[in-house]
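The values are calculated or read from the model by the stated rules, or taken from the named source; none is laboratory data. What you see is a predicted model; the values in this text were computed from it and never measured. Heads up, the Cβs are rebuilt from the backbone with ideal geometry, glycines too, and the neighbour counts pull from every protein chain shown. These area figures cover heavy atoms from the full protein model, side chains too; ligands, DNA and RNA do not enter into them. Shrake-Rupley method; radii C 1.70, N 1.55, O 1.52, S 1.80 Å.
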Amino acid sequence: MAAFVDESGKVDEQVFKSELFPYTGAASQRVIQGPQFGVDTAIIDLGNGLAMATSSDPLSWIPSMGAKASAWLSVHLLANDMSTTGHAPQFAQFVLNLPTAMGLSAFQDYWRHIHELCEQMGVAITGGHTGQIEGQNSTIAGGGTMFLTAPRDQILSSNGAQPGDSIILTKSMALSSTAILAMAFPESVSRHCGTEAQQQAESNFWNLSVLKEARLAAQTLGIQKGLHAMHDVTEGGVLGAIAEMAGASKCGVDLLGEALPLKPEVDAVARLFEIDPRLSIGAGAMAMAVKSGCEAQLIKALEQEGIPCAVVGKFTPQQGVYRITEADGRQSEFNVEGKDPYWGAFFKALKAGWK
């Protein structure tokens, strides 16, 4: 389910279209790409052939994971959205609504890690707001916004997929959800899946950035040439991301279920927690809409940089029709409107006393 349905997660497409989209302030001809369900970034015309792309996301503060991991998640999820433009973020603003239980030392540690990650990416922090809020006990510690400027005709949007484009997916399904579960419950995962699988799943957490493959795809195929659109995988998993991308692009989808990449340790942890890796939070994977005939060129470039990837299907002209064909030939339609299974699995394990 979703926000205002079972009070969890993001709003669904229906709520977005009925309650948010009609009420977006003053109209401006400078807004090239405004709010749209399934679109990662806004694009604003700056004149003289330049445009600014911007995107916002929640910030994470998860005490059980520590300051470094929380900062890593916060910064990279913001940067992942920006990378779908084909460019790296340049500026950032952070609003920190911190719990009263967070002491100055913990805050210093958290903020230093955010600073270091932004510095490594070349992102200048230009401002924001910082404070503590009574009753703030969530793992969401506020929100951040990143910005970049680039030539107007060289900024991709995730609604740019075209019928006939191949869908290339990098890395693996359910990378972030299984990584966080392996980090949060290391003893239980090691006992049931083996120590090696637990360690491999946990190590995937430090490979959640998609900036490298996004930049490489843009450089290899050319923005608006061989590369038409990108969308990073978050809530709703791979199927959710591809469906959002198709919906925003007014396309349909034909997927090959057997082709969807799944690392062994991810599969093991997903089975343990009884979550569907196709529908589980999958930060670290990028879905790309690639012009037919350009697939081999991009796959070669990605694999030379150690980034596994696969062609998992095509965008079709049948708007709103999302099909998946399984290994045995069975074909069915899918529509991602349910609650991401990761959340239920996490709290079920927590309640059961898993460690």
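Listing for the model above:
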item: Within segment 209-224, considering residues that are assigned to a loop (DSSP other than H, G, I, E, B) and at pLDDT 95 or above, the one nearest to Ser177 (Cα to Cα); result: Ser209
item: Residue match in segment 37-52 (condition: over 30 Å from Ser203 (Cα atoms) and within 18 Å of the chain's Cα centre (by Cα)); result: yes
item: Whichever residue in segment 42-62 is in contact with a helix residue (DSSP H, G or I) (Cβ under 9 Å, 6 or more places away or on another chain) and aliphatic (A, V, I, L, M) and, among such residues, is surrounded by the most Cβ atoms within 10 Å (Cβ to Cβ); result: Ala53
item: Scan of segment 194-209 for residues that are touching a Lys or Arg at 6+ places or on another chain (Cβ under 8 Å) and buried (at least 21 other Cβ atoms within 10 Å of the Cβ), ordered by number; result: Asn204
item: Unique match (being modelled with pLDDT under 95 and in contact with a helix residue (DSSP H, G or I) (Cβ under 9 Å, 6 or more places away or on another chain)) among Val75, Val15, Val39; result: Val39
item: Selection status of Gly344, in a loop (DSSP other than H, G, I, E, B), among the small types (Gly, Ala, Ser), out of contact with any His (no Cβ under 9 Å at 6 or more places or on another chain) and at pLDDT below 90; result: no
item: Residue list for segment 276-297, restricted to those being in contact with a helix residue (DSSP H, G or I) (Cβ under 8 Å, 6 or more places away or on another chain), open to solvent by 10 Å² or more (accessible area, probe 1.4 Å) and in a loop (DSSP other than H, G, I, E, B); result: Asp276, Pro277, Arg278, Leu279, Ile281, Lys291, Cys294
item: Enumeration of residues in segment 259-275 that are surrounded by 24 or more Cβ atoms within 10 Å (Cβ to Cβ) and free of Cβ contacts under 8 Å to residues at least 60 places away in the same chain; result: none
item: Segment 298-327, residues that are among the aliphatic types (A, V, I, L, M), open to solvent by less than 40 Å² (accessible area, probe 1.4 Å) and either at pLDDT below 95 or not in a helix (DSSP H, G or I) (or both); result: Ile307, Ala310, Val312, Val321, Ile324
item: Residue satisfying all of: in segment 225-258; open to solvent by 10 Å² or more (accessible area, probe 1.4 Å) and part of a strand (DSSP E or B); farthest from Pro317 (Cα to Cα) among these; result: Leu256
item: Within segment 48-62, tally of residues that are in contact (Cβ under 8 Å) with a residue 60 or more places away in the chain and either of a type in the set (Ser, Thr, Tyr) or outside any strand (DSSP E or B) (or both); result: 7
item: Qualifying residue in segment 268-281 (condition: among the basic types (Lys, Arg) and closer than 20 Å to Thr84 by Cα); result: no
item: Count - residues of segment 141-193 that are open to solvent by 10 Å² or more (accessible area, probe 1.4 Å), closer than 25 Å to Phe346 by Cα and either more than 16 Å from the chain's Cα centre (by Cα) or small (Gly, Ala, Ser) (or both); result: 10
item: Subset tally (residues that are aliphatic (A, V, I, L, M), over 18 Å from Glu326 (Cα atoms) and in contact with a Pro (Cβ under 9 Å, 6 or more places away or on another chain)) for segment 245-268; result: 1
item: Index of the failed condition, Gly222 passing every other in (1) open to solvent by 10 Å² or more (accessible area, probe 1.4 Å); (2) more than 28 Å from Gly344 (Cβ to Cβ); (3) touching a residue at least 12 places away in the same chain (Cβ under 8 Å); result: (3)
